[in-house]
Each structure stands twice: as C-alpha cells, then as structure tokens.
Amino acid sequence: MEFHPILYVYSLIQWVLDKLLSPTPPPPHAHLGRPRIAVIGAGLTGVSAASHCVGHGFDVTIFEAGDRKNLGGIWSVRIANAISEQQLTIAQRVNNTSGLQIHSIMYRFHPSVRWGSGYPDRQAIVAQISQLWRRYGLQDRTKFNTRVTSVSQNQTGRWIVNGNFSDQYDGILAAVGSCGDPKMPHMSGQDAFKGEVYHSSKLDGKTAKDKKVLIIGGGASAVEALEFVVHTGAKMTSVLARSDKWIIPRNAVIDTLLAFNIFGQETIFSWIPETLLRIFFYRDLDDLAPASEGLFTETPMVNSDIFHQIRNHNAEWLRGDILGFTENGIRFNKRSKGVPKGGPGRETIVEGDMVIMATGYQRPSLNFLPQDVFQEPYEPPNWYLQVFPPEHMSICANNCTYVNAIGTVGNYHIGIYTRLLLMFLVDPLARPREYWMKRWIDMTKTLKSYAPTGAFDFFTYSELTYWFVFVVLINPFRWKWALFVFFGIGGLVPMKVVEKEDELRNGVGMEMENKYAR
C-alpha cells in the first residue's frame with residue numbers, strides 16, 4: 001500500500017481528537033439519568049446528537065419514521081411508497097457513487113469519526129454513522145417505523161411525543177434535516193420524450209455511455225450528476241441551469257478561508273475573494289460567474305472538475321429556462337448573463353437522449369412542533385442561534401432550519417448545539433429567558449440589516465462560532481460550562497456547582513418560608 005504523508009497526519013489528528021473529545025460510551029444496559037431527550041430522526045445529526053447525550057450520561061430515545069434501512073438519513077437506503085400503498089420499492093436518497101464535495105475535515109459530525117480519505121463516498125459515510133450508533137449503544141434506544149406527528153407539554157412542562165403520556169421527556173431535539181423526498185416535477189411534453197428520465201438520486205445501475213445527457217438544475221445535485229455521467233462515458237453533457245451559483249475550488253484551505261468572514265454576509269471587502277475566484281479559478285469561463293449575486297448570499301457549489309470538463313468540451317453549462325420537453329430533447333430559453341429568471345432570451349432545442357432531474361429534495365416538515373414556535377417575526381429560521389425557538393428553550397431543531405451557508409451542516413456544531421441544550425435543561429441559572437432570546441434575534445437582525453438575505457438565511461462558520469462564544473460569555477452562570485459546551489469535557493464540574501446552587505436556593509427558600517410562617 002502506498003504511503004500518503006498528508007493522509008497519515010490527518011489520521012493521526014483524527015485519532016487524537018477521538019481520544020481527547022469523544023465522550024465515553026455507556027456500558028450495555030446502563031441506567032441513564034435526566035434530562036431525558038427525545039431525538040426525532042435517525043440521520044447523521046440525530047445519531048450524533050444522541051451519542052453526545054448518552055456519552056454524558058443522559059437518556060435518549062430516537063424516533064425514526066422509516067425502518068432500519070433509514071439509519072443515516074439522506075445518505076441511507078430507505079423504503080418508500082411506490083405505485084400503491086401495498087407495493088413497496090427500495091428508493092435511494094443518494095447514489096452509491098455520491099460523496100462529499102467538501103473535504104471530510106469539514107464533515108466531522110462527531111469526534112470519534114475516522115475518515116480514510118479526504119472525500120469519502122456514501123458507503124463510507126453510512127459506515128461511520130452506523131458505527132457511531134452501535135458504539136454508543138443506541139440500538140435499544142431507537143424506535144424505527146415511528147413517525148412523530150406531535151410533541152406537546154403536560155402540566156409539569158415535560159414533553160409528550162405522539163400523545164403517549166406514559167413516556168415523558170425533558171427536551172426535544174429535532175433532527176429531521178433539510179432534505180426529504182426527491183422532487184420529481186412532471187414537465188410539459190415529458191410523456192412525448194423518447195429517451196430516459198431519472199432523478200439525480202436514482203442513477204445506480206444506470207449508464208450514460210455514448211449518450212447525450214441533459215441535466216436539469218444548477219445546484220450540488222447537478223454537479224454530482226455531471227461527474228457521474230462524464231465518468232461513465234457520456235458523449236456530451238449539457239447542464240440547464242435557471243440561475244448562476246458561485247462555484248469554489250475543492251480545496252479545504254480555500255474553503256476554510258472563505259468561512260472566516262465573521263459577518264456572515266456581503267461586506268465592502270467581498271469583492272476581493274470574488275475577484276480572486278474570477279481571475280484564478282474561473283479564468284476564461286468568467287461568464288459562468290454570477291453577475292450580481294455575491295459570494296456570501298447563497299451556499300456555493302464546491303467542485304474543481306466542472307471547469308475541466310467544460311474546457312475539454314465534454315460538457316457545457318447553459319443559463320436559461322426550461323420551456324418543456326420535445327421528442328428528442330428540451331425546449332430551452334437561453335438567457336445572457338445578468339438576465340433574470342423568466343427574462344428575454346433565445347429559444348432553442350437542446351437535444352439529448354437521457355435527462356437527469358437534478359431538482360433537489362423537499363424540505364421535511366417541522367409541523368409536529370407546537371404551533372406557537374411559528375409565530376412571526378420569530379418563526380424558523382429566525383430563532384435563537386437559529387435552532388432554539390424562543391418560546392421553548394427545551395427544543396433544539398439541530399440542522400433543521402439551515403438555509404444557506406459557507407460551511408457545512410455536518411460538523412462540530414452538532415455537538416455544541418446538543419450540549420447547549422443539555423446545559424439549558426440542567427442549569428436553571430444558565431437558561432435563556434424568552435425575552436432575551438428574542439432580543440438576541442433582534443440584535444442579529446439589526447447587525448445584518450444590510451445583508452441581501454435574511455439575517456438567518458445565510459451564515460458563515462465563523463459567524464456561527466461567534467454566536468456560540470457570545471451566548472456563553474454574556475451570562476456569567478454559563479462560564480463554568482464553557483469547556484463542556486465547546487469541547488464536551490469537564491461536565492462533572494459544572495454539574496457539581498449546579499447541585500450546590502440548587503442546595504443554596506432550596507435552603508434560602510425554606511428559610512424564607514419559615515420566616516413568613518412565623
């Protein structure tokens with residue numbers, strides 16, 4: 001086996017992080033204490049969050065709508081309804097060839113994760129999720145085939161899931177993610193098309209050899225589909241995109257530097273990285289760079305192969321609107337750079353014999369949460385730290401309210417959000433009040449009032465880090481929890497302090513009661 005020094009160093013770093021920061025898995029059949037957390041969703045976020053909870057001694061139950069094959073969420077193979085309720089078929093959310101476009105160092109969803117490559121594929125990702133699930137003994141704490149339709153509070157403030165009053169929880173951790181079932185629109189004239197039509201998530205077992213492929217869509221799914229068909233021998237590939245999105249290199253250093261924008265929005269200096277990208281990355285393909293949308297407004301696509309394929313005339317990227325299918329291709333309104341969606345252009349027929357719908361996924365619903373968390377102007381994603389509804393600090397919608405960012409939804413913050421929830425539940429003095437949660441939201445909106453997007457519709461990882469540091473420092477009673485929140489270590493120390501504070505409060509309370517009783 002060939003020795004790779006960089007991969008060896010990366011493996012060593014991962015080993016150190018595991019030893020230093022991974023919470024100790026509980027022994028088999030351990031009795032775990034309160035707070036008790038209901039985790040909704042057995043995807044990457046749900047499994048990671050649950051492992052943090054049990055690793056710190058707190059009980060969890062994971063509720064998963066699908067069966068065991070759903071473990072891993074968007075990366076999994078799931079059972080879905082097909083033609084009728086009686087007929088079932090296996091439908092994959094992603095392909096076996098799917099993998100990370102970002103470097104795996106930005107996809108460390110738990111300290112114990114051990115990546116064997118910089119850009120692991122779907123099977124490697126599912127293997128890590130499954131290993132984490134088993135390592136922390138979550139098999140007996142997962143309820144498969146249990147869709148959560150409602151969570152409500154009883155008179156004591158405990159949470160009831162699906163109306164089962166015999167089972168009560170102190171906190172709710174929603175982890176249903178941002179990608180649900182594939183979107184598969186039916187377009188005008190599609191039935192007349194003589195070729196094949198597939199969703200981008202269902203390419204396993206398919207081949208594009210010697211075919212002219214049309215990819216509808218211009219997001220991450222389109223990029224992945226382009227890579228797939230080019231490397232399976234497509235004769236020519238045309239990507240039909242409605243709008244322009246920034247594309248950044250598949251380079252961990254560059255991606256990290258872009259995430260250093262702590263303001264989480266376009267600034268007077270944003271033209272610098274945008275210009276550098278145009279000069280050194282886009283080069284002769286500058287026409288594909290967005291004309292007016294800034295880099296810090298929408299999640300960029302991460303890929304270094306696209307431009308190579310275009311320059312080698314294996315692919316083309318066309319901007320415009322889909323007008324419908326023909327027998328041999330797509331009617332397309334090709335627009336010039338800067339012309340908005342639906343604007344004037346030149347109608348043409350883009351011929352092809354295979355169409356891939358890179359049209360994304362439906363966003364899973366959060367309607368099972370109490371209706372008071374959806375009140376304007378504090379509806380998702382406009383929540384405390386984007387994930388805590390101000391009406392209920394005991395709910396954490398981890399990675400469910402994500403819209404756009406430079407960073408990733410599968411990273412260190414899963415543990416930080418989970419430990420913030422645990423801190424709020426364990427320590428009364430560290431809990432945020434609804435009033436102050438709303439003021440923090442208002443403050444963030446004010447700071448980002450000039451952003452071209454909503455305050456919480458886009459953020460960078462540096463801004464997210466600032467949020468975490470700010471909310472811990474602003475309350476002195478949270479200082480004792482800092483190492484626990486940020487790194488998952490030292491949890492016993494603040495727990496002992498909280499016990500002493502409780503004793504003191506109870507003692508003062510009893511003394512006051514006796515005083516007034518006299």
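The values are calculated or read from the model by the stated rules, or taken from the named source; none is laboratory data. Because the structure is predicted, anything quoted here is derived from the model rather than measured. Note that we place each Cβ from the backbone using ideal geometry, even for glycine, and neighbour counts take in every protein chain shown. Please note that ligands, DNA and RNA were not included when accessible areas were found on the heavy atoms of the full protein model with its side chains. Shrake-Rupley method; radii C 1.70, N 1.55, O 1.52, S 1.80 Å.
The C-beta contact set for segment 230-259 (first residue at positive phi and open to solvent by less than 20 Å² (accessible area, probe 1.4 Å), second residue modelled with pLDDT under 90 and outside any strand (DSSP E or B), distance under 9 angstrom, 6+ apart or interchain) is empty. Residues in segment 251-261 that are part of a loop (DSSP other than H, G, I, E, B) and either among the aromatic types (Phe, Trp, Tyr) or touching a strand residue (DSSP E or B) at 6+ places or on another chain (Cβ under 7 Å) (or both): 259, 260, 261.
Considered as a group, the residues in segment 210-248 that are in a loop (DSSP other than H, G, I, E, B) and within 20 Å of residue 299 (Cα to Cα) include one that is nearest to the chain's Cα centre (by Cα), and that residue is 219.
Every residue, every condition in (1) at pLDDT below 90; (2) open to solvent by 50 Å² or more (accessible area, probe 1.4 Å); (3) touching a Leu at 6+ places or on another chain (Cβ under 8 Å), yes or no:
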residue	(1), (2), (3)
69	no, yes, no
78	yes, no, no
82	yes, no, yes
91	yes, no, no
101	yes, no, no
105	no, yes, no
120	no, no, yes
145	no, yes, no
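Restricting to segment 336-375, name every residue that is farther than 22 Å from residue 290 by Cα, at pLDDT below 95 and charged (D, E, K, R). Those that are farther than 22 Å from residue 290 by Cα, at pLDDT below 95 and charged (D, E, K, R): 353, 363. Is it true that residue 333 is outside any loop (DSSP other than H, G, I, E, B), modelled with pLDDT of 95 or more and within 26 Å of residue 294 (Cα to Cα)? Here the answer is yes, as residue 333 does meet what is asked. Among the residues of segment 392-405, those that are within 18 Å of residue 106 (Cα to Cα) and open to solvent by 10 Å² or more (accessible area, probe 1.4 Å) comprise 399, 402, 403, 404. Summed over segment 389-412, the residues that are of a type in the set (Gly, Ala, Ser) and at pLDDT below 95 give a count of 3.
Looking only at segment 338-357, decide whether some residue is part of a loop (DSSP other than H, G, I, E, B), in contact (Cβ under 8 Å) with a residue 40 or more places away in the chain and touching a helix residue (DSSP H, G or I) at 6+ places or on another chain (Cβ under 7 Å). Break it down stepwise before answering.
So in segment 338-357, the residues part of a loop (DSSP other than H, G, I, E, B) come out as 338-345, 352-353.
From what's left, in contact (Cβ under 8 Å) with a residue 40 or more places away in the chain: 338, 341, 352-353.
Narrowing the set further to residues that are touching a helix residue (DSSP H, G or I) at 6+ places or on another chain (Cβ under 7 Å) leaves none.
No: zero hits.
Of the residues making up segment 123-139, those that are open to solvent by 20 Å² or more (accessible area, probe 1.4 Å) and in contact (Cβ under 8 Å) with a residue 40 or more places away in the chain number 3. For segment 147-182, a residue qualifies if it is under 24 Å from the mean Cα position of the chain (by Cα), modelled with pLDDT under 95 and in a loop (DSSP other than H, G, I, E, B), and the qualifying residues are 177, 178, 179, 180, 181. Taken over segment 10-41, residues that are touching a strand residue (DSSP E or B) at 6+ places or on another chain (Cβ under 8 Å) and assigned to a loop (DSSP other than H, G, I, E, B) amount to 2.
Here are the criteria: (1) touching a Leu at 6+ places or on another chain (Cβ under 9 Å); (2) open to solvent by 20 Å² or more (accessible area, probe 1.4 Å). Tell me which single one residue 306 does not satisfy. Of everything listed in (1) touching a Leu at 6+ places or on another chain (Cβ under 9 Å); (2) open to solvent by 20 Å² or more (accessible area, probe 1.4 Å), residue 306 misses just condition (2).
Matching residues to (1) surrounded by 20 or more Cβ atoms within 10 Å (Cβ to Cβ); (2) under 26 Å from residue 376 (Cβ atoms):
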| residue | (1), (2) |
| --- | --- |
| 417 | yes, yes |
| 420 | yes, yes |
| 424 | yes, yes |
| 431 | no, yes |
| 443 | no, yes |
| 470 | no, yes |
| 482 | no, no |
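Being of a type in the set (A, V, I, L, M), crowded, with 22+ Cβ neighbours inside 10 Å and free of Cβ contacts under 8 Å to residues at least 60 places away in the same chain is the requirement here; does residue 387 meet it? Criteria met by residue 387. Checking each residue in segment 304-330 for being in a loop (DSSP other than H, G, I, E, B) and at positive phi picks out only 313.
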